[in-house]
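The values are calculated or read from the model by the stated rules, or taken from the named source; none is laboratory data. If you're wondering where the values come from, they're calculated on a predicted model, not measured in any experiment. Glycine gets a Cβ as well: all are built from the backbone with ideal geometry, and neighbour counts include every protein chain shown. Just so you know, the surface numbers come from the protein's heavy atoms only, side chains and all, with ligands and any DNA or RNA stripped out. Shrake-Rupley method; radii C 1.70, N 1.55, O 1.52, S 1.80 Å.
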Amino acid sequence: MSSKYSPIIHGYFRSSCSWRVRIAFALKGIAFDQVPVNLIKDGGQQFTEQYKGLNPMQQVPAVQIDGIMLSQSLAVIQYIEETRTGHRLLPADPKKRAQVRMISDFIASGIQPVQNLYVLQKMGAEKVQWAHHFIQRGFEALEPILKETAGKYCVGDEISMADICLVPQVYNAERFKVDVDQFPTIKRLNQTLLKVDAFKESHPSCQLDTPAEICT
């Protein structure tokens, strides 16, 4: 149950970055409150002066936690890893920890930014082809990496920050009609992770008034 001391996620239900933070909090068992920031309504609520005061980059999420404001999803995830007990999001082994960070950055810096909403709006009529191209290209590089690092999950047999990044990116891939069947390791990992409560309950469909079947 959340309280007046709970972290607050200012985010958008379908934002990859917001979803990463929701998953991480759920895995850690951290109660939190949400303030919706609709990226489409009213020309984009992230562009208001009020929201700019929370995150000058005018992106989601912005997370109020422990008396500070954090943006950038990986920074938030690593902060709660360093300050909260519960499920470990970074492996103890330094080699595996480096692999987790590599995969996370690969997705969060190498694939997702070129198909986020702000970029797509600039692309106009070419937005779907643009997003499809860069996700396809990214997955072609990510698949052999995961083939080497994966066990049950992205790196070995423990859910980590890499898995938190992977699932929202696969969701985006499917939205932009990328054939995930081409990438058997990515597909297997995603299907496995979507059976985990923290991933199901934080799914974009479960943030709406009429949850999809995946939430139950």
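Using the structure shown, list the pairs from Lys28/Lys52; Lys177/Lys200; Lys147/Lys177; Lys41/Lys195 with a Cα-Cα distance above 26 Å, or answer none.
In this structure, Lys28/Lys52; Lys41/Lys195 exceed 26 Å between Cα atoms.
Sorting Met123, Met161, Met57 by accessible area (1.4 Å probe), largest first, what list results?
Details: Met123 60, Met161 0, Met57 120 Å².
Descending order: Met57, Met123, Met161.
With +1 assigned to the C-beta of every Lys and Arg and -1 to the C-beta of every Asp and Glu, and no other charges, what is the dipole magnitude of the chain about the Cα centre in debye, to the nearest 20?
The calculated dipole for the chain is roughly 120 debye.
What's the FRET efficiency of Arg188 with Gln129 using the Cβ-Cβ distance as r and R₀ = 25 Å, to the nearest 0.05?
After rounding, the FRET efficiency stands at 0.35.
How much accessible surface does Ser205 have with a 1.4 Å probe, in Å² rounded to 10?
In the full protein context, Ser205 sits at about 30 Å².
Run the simple label-point estimate for Cys206 and Val180 please: 7 Å along Cα→C-beta, distance reported in nm.
The two pseudo-label positions are separated by 1.5 nm.
Determine the per residue accessible area of the range 1-93 with all protein chains present and a 1.4 angstrom probe, expressed in square angstrom.
Here the per-residue accessible area is 51 Å².
Mark the label point 7 Å from the Cα of Glu148 along Cα→Cβ and return the residues of the range 163-179 whose backbone N is within less than 18 Å of it.
Zone members listed by number: 163.
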